[in-house]
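Participant: To start, I am sharing the structure in question, which I have written as structure tokens.
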Amino acid sequence: MKRIRHTKKYIELAELLAKKTTKQLDDSEQKQLDELMQQEQISTDYKEVFKNDLTFVNIEKYKHIDTVAARAKIEWQLNFKRAHKRNKRLEFLRYAAAILSPIIIALWLVYGTNEVNKELQTETYTLQAGETKAQLFLSDGRVIDLEKDHTAKIKEADGRLVLNDSTGLRYQINETNINSDEATIINKVRTPVGGEYQLTLSDGTKIWLNAMSEIQYPVKFGDKNRKVMVKGEAYFEVAKDVNRPFIVEADKVEIKVLGTQFNIMAYSNEQQIETTLVEGSVELNSLQSNSSKTILTPGHQASYQRTNQKMSVREVDTDKYTAWHLGKFIFEEQTLESIMRQMERWYDIDVFYEHQDLKNYRFSARLQRYDNCTDIFKKMELTTDITFNINNKTVVVSKQ
Amino acid sequence: MSPISDKIITLQNKEQLSYNALFKQMYPGLCVFAQQFLVVSADSEDLVQEVFLRFWDKFDNFDSLTAIKAFLFQATRNSCLNLVRHEKIKQQYEAEQIKTVESESYFLKQVLKEETNRIITQSINELPAKYRKVIQLSLKGMVNEEIANNLNLSVNTIKSQKIQAYKLLRTKLQSVFDIIHHLMMI
């Protein structure tokens, strides 16, 4: 408390001094200032800071600070925080549901009427599928909204132009007019819940970014390697360059490739980090345990368990893991829980289950990713005894 | 750019101010302030943004604008010190240097310096360009003749510009000073 009081006093002193410097001090303020200056500590500090000289004003200092970009960045993070908070609330709901559902069902059996049930069912909403959207973070702090069907040229700090059009974000191969000494300008693209984005890096590598994901990369790669960092899920079509390996750092796993196609799924709320290889060859290293490297061949998937930090390899149908980037969901004998986690990211919904054992129901389905969420649920309802009740953005899964 | 949401902060004395106005005013100054504590080259902007983000919902608990400012300075300083202490760079710096930066008196002096600087800079920045130049040179301690020579203008012009400039500065300063007041004027 004492410290706050001191700080406030110094802020008031600063205000008075600013007024004095710009000759705006009135009599009562002058008196206030004189009184403050009589305090020994204050007058010593004042002398030390300004050396009795108020010619310290340096406007230039503030010039390079971009307040508008900073505010935009905070806005973006706030939105993410809110989305995250909703997930936390959902966690609570899950526990609450586990405890309360037997009670509610008992009550329903005793008092339940058909009317209540009807009311619930009519309250359905159309839930929009995700769409092409992301935000681009430039090295100089600018934040740019990326949307579909919007063409723009974005200028980097080194004069390089980045093209944003219907095929996503593209880094020009044409390297004229660029100060090559600024080779380490880093850009970042981040997708929100229900967003996806596509980009082509300076070496021609194509990347599809799934919802709630992030990729960080230099606008121009160095001579030794091509390194990027990924959070969430991304599909890579790496351009061949034998002399410069392409390295992806995804949370606890590092993937090294020469030229290939693969999918990496590293959402922090999924138990494993999965690398699925479609074509070519990749080398994996765990960044945490000192286990030896894993070489992956096409049609195989390396799965890193977050719990025991072990890497295992198995043969898989790669379509199932990469379909999302072609606009499809392919599920084969997949648990409802894992399917719904994908739905939550893509449709911006919160899911909870009336019975915990519903989570372990397994489904096989091929669905269009851009279909309305309710259509997808209807299709799933047709083949099982599960019902989906949609209320605003909350989906309740229950038995019929 | 997506629309930026604003929110009204209601202080305990029932005064209100806009979050965005507060941010616009304090952000650049706090960044410069943070640099005084980061003995390493770290990104002061990220750090200050983190402070604002962390306290987005908590500004309502303060009793005055000065209290918010005092708090922002302290929170920024604490974040800086945490960073300095926890980074490996510790060895590279003399323990004494860190001790200086950690001291209470260093903190208060930086508050005094940066806050004074910020208020003056922001009010001067809002002046029309010709007045801004005159004031800047005048603050550097130049007398009218020197300013006139420097800007290639007559001494009389400088004199009248100065009067105008200080008059304008009064209103600008008021708006920088009191964003609560400013908000109600809009």
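Participant: With a probe of 1.4 Å, find how much accessible area segment A:2-57 has per residue, and write the answer as a whole number in Å².
Facilitator: 58 Å²
Participant: Averaged over its residues, how many other protein chain Cβ atoms are within 10 Å of peptide B:99-112's Cβ atoms?
Facilitator: 4
Participant: Just by accessible area at a 1.4 angstrom probe, what is the order of A:Glu337, A:Glu40 from largest to smallest?
Facilitator: A:Glu40, A:Glu337
Participant: Solvent-accessible area of B:Ile163, probe 1.4 Å, all protein chains present, reported in Å² to the nearest ten, please.
Facilitator: Here the accessible area works out near 110 Å².
Participant: Which order, highest average first, do A:387-395, B:28-36 follow once you tally other Cβ atoms within 10 Å for each residue and take the mean per peptide? Don't skip to the answer; put the middle values down first.
Facilitator: Working: A:387-395: 15.9, B:28-36: 23.0.
Final packing ranking: B:28-36, A:387-395.
Participant: Counting only other chains, what is the mean number of Cβ atoms within 10 angstrom of the Cβ of each residue in peptide A:21-28?
Facilitator: That works out to 5 on average.
Participant: Over the Cα atoms of segment A:2-57, how large are the radius of gyration and the largest Cα-Cα distance (Dmax), in Å?
Facilitator: Taking only Cα atoms of segment A:2-57, I get Rg and Dmax of 11.2, 32 Å.
Participant: Using only the heavy atoms of the protein chains and a 1.4 Å probe, how would A:Lys256, A:Lys224 rank by accessible area, largest first?
Facilitator: Ranked list, largest accessible area first: A:Lys224, A:Lys256.
Participant: For B:Lys113, list the aspartates and glutamates whose Cα falls under 14 Å from its own Cα; do not include residues on the same chain fewer than 8 positions away.
Facilitator: Here the aspartates and glutamates satisfying the reach criterion relative to B:Lys113 are A:Glu12, A:Glu15, A:Asp45, A:Glu48, A:Asp53.
Participant: Return the distance in nm (one decimal) between the two label points of a simple spin-label model at A:Arg5 and A:Lys393, each offset 7 Å from Cα along Cα→Cβ.
Facilitator: 4.6 nm
Participant: With every protein chain left in place and a probe of 1.4 Å, what is the accessible surface of A:Phe331, to the nearest 10 Å²?
Facilitator: Near enough 0 Å² of accessible area.
Participant: Okay, next question. Just to be sure I understand: if you take the accessible area of chain B alone plus chain A alone and subtract the pair, with a 1.4 Å probe, what total do you get in Å², rounded to 100?
Facilitator: For chain B against chain A, roughly 5000 Å² becomes buried.
Participant: Follow-up question, since we're still on this one. Please compute the average number of Cβ atoms from other chains found within 10 Å of each residue's Cβ in peptide B:68-74.
Facilitator: Across the residues of B:68-74, the mean count of other-chain Cβ atoms within 10 Å is 4.
Participant: While we're looking at this one, here's another question. Could you give the nm distance between label points at A:Asn79 and B:Glu145, where each point is 7 Å from its Cα heading toward the beta carbon?
Facilitator: In this crude spin-label approximation the distance works out to 6.1 nm.
Participant: Using a 1.4 Å probe on the protein heavy atoms only, what accessible surface does A:Glu35 show? Give it in Å² to the nearest 10.
Facilitator: 110 Å²
Participant: Which percent, nearest 5, of DSSP beta bridges in segment A:131-322 are antiparallel?
Facilitator: Rounded to the nearest five, the antiparallel share is 90 percent.
Participant: Starting from the residue with the highest accessible area, list B:Met142, B:Met26 in decreasing order, probe 1.4 Å.
Facilitator: In descending accessible area the options line up as B:Met142, B:Met26.
Participant: Reachable lysines from A:Lys63, Cα under 17 Å, same-chain residues fewer than 8 places away excluded?
Facilitator: A:Lys63 reaches B:Lys24, B:Lys133.
Participant: Please give, to one decimal in nm, the separation of the simple spin-label points placed at A:Ser139 and A:Glu270, each 7 Å out from Cα toward the Cβ.
Facilitator: 3.1 nm
The values are calculated or read from the model by the stated rules, or taken from the named source; none is laboratory data. Keep in mind it's a predicted model, so treat the numbers as computed, not measured. Glycine gets a Cβ as well: all are built from the backbone with ideal geometry, and neighbour counts include every protein chain shown. Please note that ligands, DNA and RNA were not included when accessible areas were found on the heavy atoms of the full protein model with its side chains. Shrake-Rupley method; radii C 1.70, N 1.55, O 1.52, S 1.80 Å.
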